[in-house]
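Since every read-out is calculated from the coordinates, none of them should be taken as a lab result. Remember, it's a predicted structure, so these values are computed and weren't measured experimentally. Note that each Cβ is placed from the backbone with ideal geometry, even for glycine, and that neighbours are counted across all protein chains shown.
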Amino acid sequence: MKLRLTSAICLLLALCSQTSSAATLAELKLIAPLEESRGWCVDLFAHLTGGMPIGGFQGHNCFLYDSDYGPTEDQGFDSEMFLEQGVIRLDYFDVCMTVHEPAAGSFVASEPCTGEEVQKFDIKDTGEIVSVSSPNLCLTVGTRIVTGGGGTPIHLIRKLSFEDCDPMIAERQQWELRYTYEEEVPTLPRPYN
C-alpha cells in the first residue's frame with residue numbers, strides 16, 4: 001500500500017511539473033508562393049521531431065496543409081516572441097534563428113536562445129526580416145530547388161541565407177506569419193511533380 005501511494009505521488013508530481021508551451025505558433029512563410037501552392041516556409045533542417053536541431057534552417061514547402069493541429073514541430077515559431085522581442089524561436093526544439101556571420105551569404109543557424117543581437121530581427125512593413133546586428137542583411141530563400149523526401153506533390157527545398165536586402169529580389173525576401181492554411185496560386189511553373 002505504501003509503495004502504491006509513493007508511486008501515485010511520484011506520478012502526480014511528474015505530471016504537474018511538466019510544462020507545456022503557451023506560445024501561439026505560426027509558420028514563417030514567404031509571401032510570394034513562387035512555384036509552390038503550399039507556400040515556402042522556414043524549416044529546421046531535420047525531420048519533424050526525428051532530427052537534432054544542429055543543421056540550421058532551410059526553405060521548405062510549408063506543412064500546414066497537412067496538419068489539423070497547426071504548424072509542425074520543425075516549422076512552428078513562437079509568433080509573440082517574434083513580434084514583441086524580435087526573436088525567431090522554434091518552439092518545439094527551443095532554438096533561435098541566428099546570423100552565423102555578419103556578411104552576405106551567411107548561414108541561417110539554429111542555436112540555443114541567448115538573447116544576443118545576432119538572434120534579434122526586425123520585420124519591415126513590406127515583410128523583409130532584417131538582422132538587428134547586421135541591418136543590411138535580409139532573410140532570403142535561394143533560387144535553386146531540390147526535391148525533399150516524400151510528399152504529394154513531392155516536397156521541395158531551397159537554401160536559406162542572409163543576403164544583402166535588395167528590391168530586385170524582394171519576392172525571395174518578404175515573409176509573413178501564417179496561422180491557418182490557404183492554398184495559394186503559384187506564380188511560377190513547378191519544376192517537379
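Numbers below:
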| read-out | value |
| --- | --- |
| Isotropically averaged projected area of the stretch 112-193, using the convex hull of Cα atoms (one quarter of hull area), nm² | 7.3 nm² |
| Taking the stretch 82-159 and dividing mean pair separation by its residue count, relative contact order in percent (alpha carbons under 8 Å, at least six apart) | 19 percent |
| Dipole-positive endmost among 142, 95, 77 within the stretch 72-155 (Cβ charges, Cα centre) | 142 |
| Unit charges at the beta carbon, dipole of the stretch 99-175: most positive-side option, 151, 130, 169 | 151 |
| Percentage, to the nearest whole number, of Cα pairs in the stretch 53-193 over 20 Å apart | 48 percent |
| Dipole magnitude of the stretch 99-193 about its Cα centre (Cβ charges: Lys, Arg +1; Asp, Glu -1), debye to nearest 20 | 440 debye |
| Relative contact order [Cα under 8 Å, 6+ residues apart], the stretch 31-139, whole percent | 18 percent |
| Cβ charges +1 (Lys, Arg) and -1 (Asp, Glu), total dipole of the stretch 139-193, debye | 320 debye |
